[in-house]
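Take a look at the structure below.
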There are 2 protein chains.
Amino acid sequence: MSPIEHPVVRRFIEDAGHLTQVLGFGRVTGQIYALLYFSAEARSLDDLKRELAISKGSASMCVRQLETLGAVQRVWVKGDRRDYYQANDYFGQIIRRGLQEIVGHRVEALGQFIEEADRSVTGADGDAFIRQRLDRLRAFQKKAQKFWDNPLVKVMLK
Amino acid sequence: MSPIEHPVVRRFIEDAGHLTQVLGFGRVTGQIYALLYFSAEARSLDDLKRELAISKGSASMCVRQLETLGAVQRVWVKGDRRDYYQANDYFGQIIRRGLQEIVGHRVEALGQFIEEADRSVTGADGDAFIRQRLDRLRAFQKKAQKFWDNPLVKVMLK
DNA sequence: CATTGCGTTCAATGCAAATTGAATCTACCA
DNA sequence: TGGTAGATTCAATTTGCATTGAACGCAATG
């Protein structure tokens, strides 16, 4: 029995879709997770396709993304060649990985950028104001890196 | 003199545009902030329009958004009817407000949703599994709220 | 009070990213 | 080994949102 018949679940699926869209993961990703989250039994790609009215390609790609984030688990149902999926409810871990994707990489990218920039504004043609701004940027990057690496943050997201 | 002539600044403007686009604030918003950040003097809407090759409407709307986030300040130049803007460099504060917009509101919205949902699955027609899932969701929401309200987080983002 | 020079608005547009689905690939079974 | 059922891929399409710019509003100035 599909939980999608329940109005509360419908609404949750819609909201989850909005959320993941805003966060840059696409709407379907959140919808799939929400459906799985409220499904007592594991679901196949075809289930998702039918119940959410999406294409098979979309189902496949988004489920893969959720798997990468650790938000979803593949389960085998014996005697059935299809892949089935169920939702993990370790929200903390899922969110941490999602943030890692969005924030973590960028903090490091900023660090690299500043290094490169430093090299090109050092020397005679270096603009004093730009150097000053880069310094503030570097200070911030270090703080951000520190914050991100802080074990306290990891604990709090548990 | 426009800092946009400097390759490092050009590159930074491009990157900042990508970042804000991914974060859902639009490309121009980041570009404007980046340009202002590396501008020694305050800049007018027309400056932004010319140097970033954007429309006046875009400049107006995005600057407004940055102002709301506290990322940018309006300054008056006497004898000039135009509005001038300069970048704040309190990154911590800016990011906190951005997060408030993206995360904070949603944590509260989730809380409200759960309350509503609770009411509609209580009683005879309530599905046991859905109730169980809602319970886990509520537990998470409380933790998230606590994390978000934690003064430590605020301090670390300073 | 008319004019001038700004800022703002919003319907129309353009564009980038999400989504589709036919073609392709893979694993399994007879 | 061929056949089948499902998963995956990616070029083409759709869709939604950022961006544009003409029209409007408004405040200052002579």
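What the table shows:
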quantity: Label-point gap, in nm, between B:D149 and A:D46 - each point 7 angstrom along Cα→Cβ; calculated: 4.9
quantity: Nearest-first distances (nm) between copies at A:S60, label 7 Å from Cα via Cβ; calculated: 4.8
quantity: Per-residue average of Cβ from other chains inside 10 Å of A:144-153; calculated: 2
quantity: Teacher prompt: B:L152 distances to equivalent labels in other copies, 7 Å Cα→Cβ, nm; calculated: 0.6
quantity: Label point 7 Å beyond Cα along the C-beta direction, distances from A:L99 to other copies (nm, shortest first); calculated: 0.7
quantity: Expected 222 nm ellipticity per residue - DSSP helices of 4 or more, -39500 (n - 2.57), all of the protein assembly as shown, to 500; calculated: -20500 deg cm²/dmol
quantity: Residue-normalised accessible area of segment B:35-158, given per residue in Å² at a 1.4 Å probe; calculated: 58
quantity: Heavy-atom accessible surface of segment B:3-87: percent carbon and sulfur, 1.4 Å; calculated: 51
quantity: Positive-end extreme of charge dipole, chain B - chosen from B:F147, B:G111, B:L66 (charges on Cβ); calculated: B:F147
quantity: 10 Å Cβ neighbours from other chains, averaged over peptide B:35-41; calculated: 3
quantity: Gyration tensor (alpha-carbon) shape descriptor, segment A:91-156, a/c threshold 1.5; calculated: prolate
quantity: Dipole of segment B:3-87, positive direction: furthest Cα of B:L35, B:I54, B:H6, with charges on the beta-carbon; calculated: B:I54
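The values are calculated or read from the model by the stated rules, or taken from the named source; none is laboratory data. Just so we're clear, the structure is a prediction, and the values are computed from it rather than from any experiment. Every residue, glycine as well, gets a Cβ built from its backbone with ideal geometry; the counts of neighbours run over all protein chains shown. When the accessible area is computed, the model is the full protein with side chains, heavy atoms only, and any ligands, DNA or RNA have been set aside. Shrake-Rupley method; radii C 1.70, N 1.55, O 1.52, S 1.80 Å.
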